[in-house]
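Bear in mind that the values in this text are calculations on the coordinates, not laboratory data. What you are looking at is a predicted structure, and each value in this text was computed from that prediction instead of being measured. Quick reminder, even Gly has a Cβ in these numbers, built from the backbone with ideal geometry, and neighbours come from all protein chains shown.
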Amino acid sequence: MLKKALLALPVALAVGASANADSWKAPEDVLQGLIDSIDSMYLTQSEMNIMMMPDNPALWVADDGRELFHTPRGPNNVSLEACDFGKGPGVLEGAYVELPRYFEDTGRVMDLENRLVHCMITIQGFEPDDPAVRQRHGSGSDHMQLQTYIAMQSSGMAWNPPMEHPLEVAMRDAGEVMFYRRSGIADFNCNTCHGEAGKQIRASVLPHKGTAEEWSKAISWPAFRVGHDHVRSSQHRIRGCYWQMRGPLINPNSDASIALMSYWTDAARGQPAILPDMKR
Amino acid sequence: MFKKTPVAAGIAAFASIMIAGGVAVADKIDYTAMTPQELAEYLIFEAGGFNLDQEVQEGGTAMQRMVQDDMHKACSVIGGGKPDQATLNEVRTAAAESITYPEGGIQLGDWQRGRDLAWSGFGFRIGHNPDNHDARPVGGNCYNCHQLATDRTGGTVGPSLTGYGKTRGTSDAILKYAYDMIYNPHAYFPCTNMPRFGSSGFLTQEAIADIMAYMFDPESPVNQ
């Protein structure tokens with residue numbers, strides 16, 4: 001029954017969208033398309049995950065997110081339908097693949113998580129320390145449910161973060177510097193692991209930043225992480241990378257985290273997003 | 001040390017008050033007036049990008065995990081390439097000069113302990129889940145990037161070291177080379193991805209000796 005409800009969503013979207021390459025596509029079909037387009041050890045490394053994609057537990061998390069999104073909540077008792085993710089209030093289709101982007105109302109380039117925080121506070125009236133706003137991780141968190149639901153509306157669409165506002169360019173370029181910036185007791189940067197195709201950390205094949213088809217999957221968050229048994233966000237991935245690199249805790253509300261995301265999204269430009277994805 | 005120039009640049013380029021819907025929302029430091037390098041430094045050190053106050057295992061705070069030394073600066077090349085030859089030579093020379101040897105010369109330790117250390121990724125992680133060095137020894141995490149004994153799966157970021165001692169023997173020269181490579185690999189491969197396990201204080205002399213035993217001991221699974 002739940003599954004039927006879930007499946008109805010993509011169909012409704014697909015019917016509404018024009019029949020171009022940028023219309024909604026089921027995440028498992030997007031992944032298969034990428035696998036068919038390129039020889040990649042990274043894309044094909046987990047046969048089990050590929051098989052499980054149609055039953056991705058993240059789909060249920062997205063369904064919870066739909067409920068949350070459209071239900072009046074918070075001190076102001078309103079839904080998030082008035083929230084503008086860049087394509088107009090309440091417009092979710094294709095919004096996520098165009099994030100991070102500059103928002104005039106805040107004067108800031110924002111990723112999905114920070115935009116969501118902004119709307120929960122300014123529209124719904126939540127306090128910044130309310131658990132709904134503060135709790136960012138875990139499939140049971142409002143954030144993961146909402147982010148998964150919102151992001152899912154962009155599955156199959158090409159990553160296309162706007163580079164029209166000078167701040168969007170500045171943030172991407174600073175993110176690029178951060179990506180290649182070595183530091184710390186272990187001397188790592190992002191490029192240590194993502195600078196060459198087909199390399200492995202232990203048994204895991206790493207995604208190569210310079211291979212856009214691989215990178216598109218790599219940045220396709222939210223994704224269900226099988227090893228964690230939770231849906232995880234882009235911010236969670238960045239936190240984990242800095243932890244592995246022996247770096248400090250990144251602040252999820254920071255422009256540093258958004259700059260990295262601007263750069264990594266730009267690096268996947270033109271490739272279709274897999275939303276939600278499934279990862280090891 | 002990190003200089004305050006990014007802030008100065010930002011303040012010099014102070015933007016006008018931004019108006020949105022008739023309401024002044026913020027006095028903004030103008031990111032677009034900074035170079036990408038200045039902005040990155042500003043976001044890391046001045047704009048609350050990271051928790052830099054956390055205490056770290058080597059003493060001091062997380063700030064020093066983000067401050068770049070000369071090697072970091074020389075080897076952080078946009079696009080991932082290498083710097084020019086003169087810079088590489090400087091990195092190589094500085095690395096060679098950083099290497100110190102144990103009293104009594106390079107020794108092989110206990111390969112069984114070395115096996116655990118070569119496998120273990122524990123140590124120096126901070127942030128949301130800091131490693132407590134009192135609880136477990138710090139590992140070298142060698143398997144992350146190298147294949148060693150074939151009973152476990154290693155990574156391919158670095159070259160395979162399977163059969164290392166068996167194929168190379170245990171001459172003083174090869175022991176010194178292996179020691180140097182663990183201690184500071186930039187002495188041979190400037191701007192390599194590999195950490196400077198000795199120079200950085202990541203591994204103790206004892207741990208290096210144990211890991212070297214794992215690489216060289218004829219009994220070690222690496223050489224079977």
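Just a few scattered comments:
- Residues of segment B:36-70 satisfying the condition of being more than 7 Å from chain A (Cβ to nearest Cβ) and of a type in the set (A, V, I, L, M, F, W, C): B:PHE45, B:VAL56, B:MET63
- Check on B:ASP151, under 14 Å from B:TYR101 (Cα atoms) and surrounded by fewer than 17 Cβ atoms within 10 Å (Cβ to Cβ): no
- Scanning segment A:180-193 for residues that are part of a helix (DSSP H, G or I), more than 23 Å from B:GLY201 (Cβ to Cβ) and either in contact with a strand residue (DSSP E or B) (Cβ under 9 Å, 6 or more places away or on another chain) or at the interface with chain B (Cβ under 7 Å from one of its Cβ atoms) (or both) yields one hit, A:ASN191.
Matching residues to (1) touching a His at 6+ places or on another chain (Cβ under 8 Å); (2) charged (D, E, K, R):
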{"site": "A:SER139", "(1), (2)": "yes, no"}
{"site": "A:ARG172", "(1), (2)": "no, yes"}
{"site": "A:ARG182", "(1), (2)": "yes, yes"}
{"site": "A:ASN191", "(1), (2)": "no, no"}
{"site": "A:VAL226", "(1), (2)": "no, no"}
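- Residue within segment B:145-167 that is touching a helix residue (DSSP H, G or I) at 6+ places or on another chain (Cβ under 8 Å), within 14 Å of chain A (Cβ to nearest Cβ) and closer than 26 Å to B:GLY59 by Cβ present: no
- Among helices (runs of 4 or more DSSP H) entirely within segment A:100-176, having at least 3 residues that are crowded, with 18+ Cβ neighbours inside 10 Å and within 14 Å of chain B (Cβ to nearest Cβ) singles out no element at all.
- Residues that are among the β-branched types (Val, Ile, Thr) and surrounded by 15 or more Cβ atoms within 10 Å (Cβ to Cβ), drawn from segment B:93-130: B:ILE99, B:ILE106, B:ILE126
- Inspection of segment B:128-136 finds no residue satisfying the criterion of being within 17 Å of the chain's Cα centre (by Cα) and either more than 12 Å from chain A (Cβ to nearest Cβ) or polar (S, T, N, Q) (or both).
- Of the helices (runs of 4 or more DSSP H) lying entirely inside segment B:26-134, those containing at least 1 residues that are touching a Cys at 6+ places or on another chain (Cβ under 7 Å) and of a type outside the set (Val, Ile, Thr) are B:70-75, B:85-98, B:111-119.
- Count of segment B:162-190 residues which are within 20 Å of the chain's Cα centre (by Cα) and assigned to a loop (DSSP other than H, G, I, E, B): 4
- Selection within segment A:194-222: residues that are at the interface with another protein chain (Cβ under 7 Å from one of its Cβ atoms) and either part of a loop (DSSP other than H, G, I, E, B) or not polar (S, T, N, Q) (or both). The member of this set that is nearest to A:ASP255 (Cα to Cα) is A:GLY195.
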